[in-house]
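Notes to accompany the following structure.
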Amino acid sequence: MNRPDTLNVPEMDIDPFSTDFLAMPYPDHERMRQAGPWVWLKRYGILATCRHAQVKAVLSDHVNFISSAGVGLANFNQEAPFRPKSLILEADPPDHTRARTILARILSPKTVAQIREHFSAEAESLVDRLLARCRDGAVIDGVKDLAEVYPLKVFPDAVGLEPEGRHNLLLYGDMIFNAFGPRNELLQRAAEKVQPVTAWIMHHCQREQLRPGGFGDLIYQAADQGEISHQEAPMLVRSFLSAGVDTTVNGLGNALLCLAQHPDQMEKLHADPGLARSAFEESLRLESAVQTFFRTTPHEVALEGLVIPPNTKVLTFLAAANRDERQWPEPEKFDIQRRAAGHMAFGTGIHACVGQVVARLEGELILNAIARRVKRIELVGEPVRRLNNTLRAMSSMPMRWIPA
Ligand code: OVV
């Protein structure tokens, strides 16, 4: 699509879903930030922003930038969604509000207080096991042995899922986060294995599969109370299973990578494990697990001197906003004592990550458990990236932990 005449913004030929871009997005983020507050990406016919103020403005305005037309490249008003739409992610008020209210209650700070002990015990024992292997001289994998293992244990436990078959959650997440991008090779390959994975996911959204009292069952209890229909309940459970695993897996993986690449910061964390929460926050800013989300204009939108036509896809680069020098002093520096609050890694506005208290809990507990036992993390060879249209992800990260 050509740039509309009313959108007098720089046109660029960057493809943010190409292999090269996804392998190393930050130089192109910088090019787009420098080009202006808004850019037109010719290849896809979309408006985009890499600056913090504009990303925040779009995400804070759910009237002019809607989610019900999809939060990926595809416009659901013009093409069928690749799966039945999420009742929360791909919805606007008032539909969104009903779903959000239920999930926000289930994932409240009160819930966090209840799950903390189990999440903490699992973090401690996993880190103990891995440290014992390091003491024996073994190389461990920060992704396969930790970042994938911990969220796949604690979060599905809290949802109330059986232990068997949980690897399907990783495959499903990989698929849906690819599906926010174009139909490139990444999506094609993810989509090839989707049938059995989707069947497994939907089966495990059924009430009979969910432990009484777990997050999943609490959704069915909300349906019993008439807050949503019993047809909608499994679709809300699907949201837990969609958004709750791949995000935290990569959040933890990226945090470990940051600490391995910055031994001075790891030293500080070891000296004061109370910095774990702030270290996790800073890693979310610098290496945001979710890199992008789209919105769509439902009507003509006048903003900052631009006139954006109806049905324009608007791409917000969360990860680029988090490195905007207009917002952050020395944005490329990993500083675990920085005030990283206000980063866009969880989004902002009415769609801001509803599970962020749980994500932060997982990050804090793992980094704290490592901090108390380990003084240095050494990479043993290059981390292997797993390219994804939306996620900053890795498949492997061989490392050694040097015990204190
Ligand atoms: C990937 C993702 C993020 C947030 C919510 C959902 C999915 C959902 O399915 O609701």
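Observations
- Screening R189, R211, R238 for residues that are part of a helix (DSSP H, G or I), of a type in the set (K, R) and in contact (Cβ under 8 Å) with a residue 12 or more places away in the chain leaves exactly one candidate, R238.
- Any hit, the range 190-200, residues being within 15 Å of the ligand (Cβ to nearest atom), at pLDDT below 95 and in contact with a helix residue (DSSP H, G or I) (Cβ under 9 Å, 6 or more places away or on another chain): yes
- F293 vs. criteria under 21 Å from Y150 (Cβ atoms), within 16 Å of the ligand (Cβ to nearest atom) and either under 13 Å from the mean Cα position of the chain (by Cα) or assigned to a loop (DSSP other than H, G, I, E, B) (or both): no
- Filtered residues of the range 53-91 (kept if of a type in the set (D, E, K, R) and within 10 Å of the ligand (Cβ to nearest atom)): R83, K85, E90
- The residue list F177, F215 contains one member that is farther than 20 Å from A74 by Cα and either within 16 Å of the ligand (Cβ to nearest atom) or modelled with pLDDT of 95 or more (or both), which is F215.
- Filtered residues of the range 177-186 (kept if part of a helix (DSSP H, G or I) and either touching a Lys or Arg at 6+ places or on another chain (Cβ under 6 Å) or crowded, with 19+ Cβ neighbours inside 10 Å (or both)): F177, N178, L186
- Among the criteria (1) of a type in the set (A, V, I, L, M, F, W, C); (2) within 16 Å of the ligand (Cβ to nearest atom); (3) part of a helix (DSSP H, G or I), the one I228 does not fulfil is (3).
Per-residue answers, yes or no, for (1) surrounded by fewer than 23 Cβ atoms within 10 Å (Cβ to Cβ); (2) away from the ligand (no atom under 16 Å from the Cβ); (3) in a loop (DSSP other than H, G, I, E, B):
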{"position": "I350", "(1), (2), (3)": "yes, no, no"}
{"position": "C353", "(1), (2), (3)": "yes, no, yes"}
{"position": "A359", "(1), (2), (3)": "no, no, no"}
{"position": "A369", "(1), (2), (3)": "no, yes, no"}
{"position": "R385", "(1), (2), (3)": "yes, yes, no"}
{"position": "I402", "(1), (2), (3)": "yes, yes, no"}
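- Taken together, the residues in the range 263-290 that are part of a helix (DSSP H, G or I), buried (at least 24 other Cβ atoms within 10 Å of the Cβ) and of a type in the set (S, T, Y) amount to 1.
The values are calculated or read from the model by the stated rules, or taken from the named source; none is laboratory data. Being a predicted model, the structure only gives us computed values, none of them experimental. Cβ atoms come from the backbone with ideal geometry, glycine included; neighbour counts cover every protein chain shown.
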